[in-house]
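Since the structure comes first, as C-alpha cells, the remarks are kept for the end.
The values are calculated or read from the model by the stated rules, or taken from the named source; none is laboratory data. In this text, all values refer to a predicted model and were calculated from it rather than measured experimentally. Cβ coordinates were reconstructed from backbone atoms using ideal geometry, including for glycine residues, and neighbour counts include every protein chain displayed. SASA here: full protein model, heavy atoms, side chains in, ligands and nucleic acids out. Shrake-Rupley method; radii C 1.70, N 1.55, O 1.52, S 1.80 Å.
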Amino acid sequence: MTHPGTLVLIMAAAVLAPLLVHAAGGRVRVPLVVFEIVLGIVIGPQVLGWAHPDEVVDTLADLGLSMLIFLAGYEIEFAAVRGDTLRRALWAWPVSLLLGIGVGLLFSGGEVFEAFVVGTALTSTALGTVLPMLRDRGELRGRFGTVVSAFGAVGEFGPVVATALLLSGRRPAESAVLLVAFGVVTAAAVFWALRPRPPWFGELAERTLHSSGQFAVRFVMLLLACMLGLAEVFGLDVLLGAFAAGVLTRIVLHRAVPAGSDAVLGKVEAMGFGFLVPLFYVVTGIEFDLDALLDSPAALLLVPVFLALFVLVRGAPVYVLAPKDLRRADRGALALFASTCLPLVVAITTIGVDQELLGTERAAALVGAAMISVLVLPLLAGRLRSPRGGTGGRAAGRTAGRAAGRTADDAEAW
C-alpha cells in the first residue's frame, strides 16, 4: 500500500459519518452517503491533502460499488414487480435515454459519443441508495416500495447495459453479441438456482451460521465473485455481474435456507454497509475533482442545470408512465426517487474521462449534481408522501423498521 494512512482515514470518516447523521438528526435528515462523500473531499488532496488513493484503496472501492449493486439486485422481488408495473418501467427508461441523448447532443455540440456519456448518466437511478431508505422507513414491502423497485431496477440496469453497448470501446454489434452471451449464461445460472438444493446444503448453512465456517456467507461471496469474473471474461461492466449475483443469491437462499436467509443477508450487509460501501463513497469524495469545478464558473453553473436535468430527463417520463393507481403525490415522489443518482454517474463519467470522451469539468459538474440529488431529492420525495399518514404514517414506518430489526439511527440511508 503506497499510502498506508489513507485506509485508516477512510475508516475514520466512515465511523464519523453516522455520528454526524445522529447529531444533525434533530434538525435535518441528511443521507449518510452525503457525509461520507463530503468527508472524503475534506480529507482528500483537494482540501486537507491527508488521504491519497492507491491501487489497494481503489480495488476496495470497486468492491464497494459492486457490493452496493449486488445488494440492490438482492432486494428486488421480481414476482412483485412483474406485469403492468414492470412494463411501464421498461417503457420509461428508453424514453429517458432518448431525451438524455438529445440533451447530450446539445451540450456536446453534436459530438455523438460525448452525448452518449452525458445522456446515459442522466438516466440512471441509485437503486442501491434508494431501497435502504425505503426499507428503513418500513415502505419497501408495500405497493409504493414495489413500484420504486421496478422503476429503480430498470434505471440501474439500463444504463449499465447501455454503457456496455455504447461505451465499451468495441463496435456495438460485437458488444451486443457478448451481452447476449452473458445473458444466456446468466439465464442458465438462474435455472440452476431454481432447482431444489440437496438437504445437506440448508442443514450445513444453518449449522455453520454462527460458527467460523459461515458456509452460506462464503457461498454468497463465491456467487458474487463468479458473476463478477464472468462479466469480466465477456468484457462487460462488472456491475452487470454484481446485479445478476444479487438476483441469483436471493433465489438460492430463499429456496435452500428459507428460515435463515435473513440472517445470512444480515451478515452480508454487515460486510457491505459496514466496510465496503462506505469505503466506496468516501473514496468517491477523495477522488472528486473539486478544483475542476471551482476553477471554472461555467462548470459550477452546470451543477444546478444537471440537477434539473436529472429530474426532467429521468423523472418526467417516470411520472407520466407511473402506475395509474398511485396518487399524484406518490407519482411525484416516485419521479424524485427515480431521479436520485450517484454511483452510476461516477462510473459512467469515469469511463468518459478515461476514453477522452468527456472533459473533467463537465464530469465534475455531473458528479456534483448527482451528490446533491442524493441529498435533496429523497428529502423532497419524503415530504410529498408525508401528508398521507402525517406523524402517524412516519411512526408506522419506524415501527415496521424496528420489526425488521433496524431503526432510523442504524440506517445506512439516513
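Gap in Å between the Cα centre of region 245-320 and the Cα centre of region 359-375?
Centre-to-centre (Cα) distance: 14 Å.
For the chain, with the dipole built from +1 on Lys and Arg beta-carbon atoms and -1 on Asp and Glu ones, taken about the Cα centre, which of C341, L7, L105 lies farthest toward the positive end?
The listed residue farthest towards the positive side: C341.
Provide the packing ranking of 147-159, 271-283, 85-97, i.e. peptides ordered by the mean count of other C-beta atoms within 10 Å per residue, highest first. Don't jump to the answer; show the numbers that get you there.
On the way: 147-159: 26.7, 271-283: 23.2, 85-97: 20.2.
In descending order of packing, they fall as 147-159, 271-283, 85-97.
In the calculated pair distance distribution of the chain, what percentage of Cα-Cα distances lie above 37 Å? Numbers along the way, then the final one.
Values: 15852 of 85491 pairs.
Cα-Cα pairs in the chain separated by more than 37 Å: 19 percent.
Please list 3J(HN,Hα) in residue order for region 104-115, calculated via the Karplus relation 6.51 cos²θ - 1.76 cosθ + 1.60 where θ = phi - 60°; whole Hz, with x for glycine and proline.
After applying 6.51 cos²θ - 1.76 cosθ + 1.60, I find x, 5, 5, 5, 8, x, x, 6, 5, 5, 5, 4 Hz.
Using the Kirkwood formula over every pair of different C-alpha atoms, what hydrodynamic radius in Å results for region 187-245?
Working: mean 1/r = 0.0787 Å⁻¹.
It is 12.7 Å.
Based on the mean of other Cβ atoms within 10 Å per residue, sort peptides 58-68, 220-230, 179-189, 194-204 so the most packed one is first.
Values: 58-68: 20.6, 220-230: 18.5, 179-189: 15.1, 194-204: 12.4.
Peptide ranking by packing, descending: 58-68, 220-230, 179-189, 194-204.
What span do the alpha-carbon atoms of region 154-279 cover on each of the three principal axes, reported in whole Å from largest to smallest?
50, 35, 23
Could you tell me the relative contact order of the chain? Use alpha-carbon pairs under 8 Å, at least six residues apart, and round to a whole percent.
Numbers: 609 pairs, mean separation 118.3, N = 414.
That works out to 29 percent.
Probe of 1.4 angstrom, ligands and nucleic acids ignored: what's the accessible area per residue over region 335-386, in square angstrom?
On the way: 1640 Å² over 52 residues.
Per residue, region 335-386 has 32 Å² of solvent-accessible surface.
Among 332-343, 286-297, how do they line up from the highest to the lowest mean number of other beta-carbon atoms within 10 Å?
Per-residue mean Cβ counts within 10 Å order the peptides as 332-343, 286-297.
Assuming 1.567 mPa s and 4 °C, estimate D for region 1-147 with Stokes-Einstein, Rh taken as the Kirkwood radius over Cα pairs, in µm²/s. Provide the component values of the computation, followed by the final result.
Working: Rh = 18.5 Å.
Stokes-Einstein gives a translational diffusion coefficient of 70 µm²/s.
Suppose each label sits 7 Å from its Cα in the direction of the beta carbon; what would the V177-A225 distance come out to in nanometres?
Placing both labels 7 Å beyond Cα along the Cβ direction yields 3.2 nm.
Given a 1.4 Å probe and every protein chain left where it sits, what share in percent of the accessible area of region 133-245 is carbon and sulfur? Walk me through the numbers before you get to the answer.
Numbers: 3520 of 5020 Å².
Ligands and nucleic acids excluded, carbon and sulfur give 70 percent.
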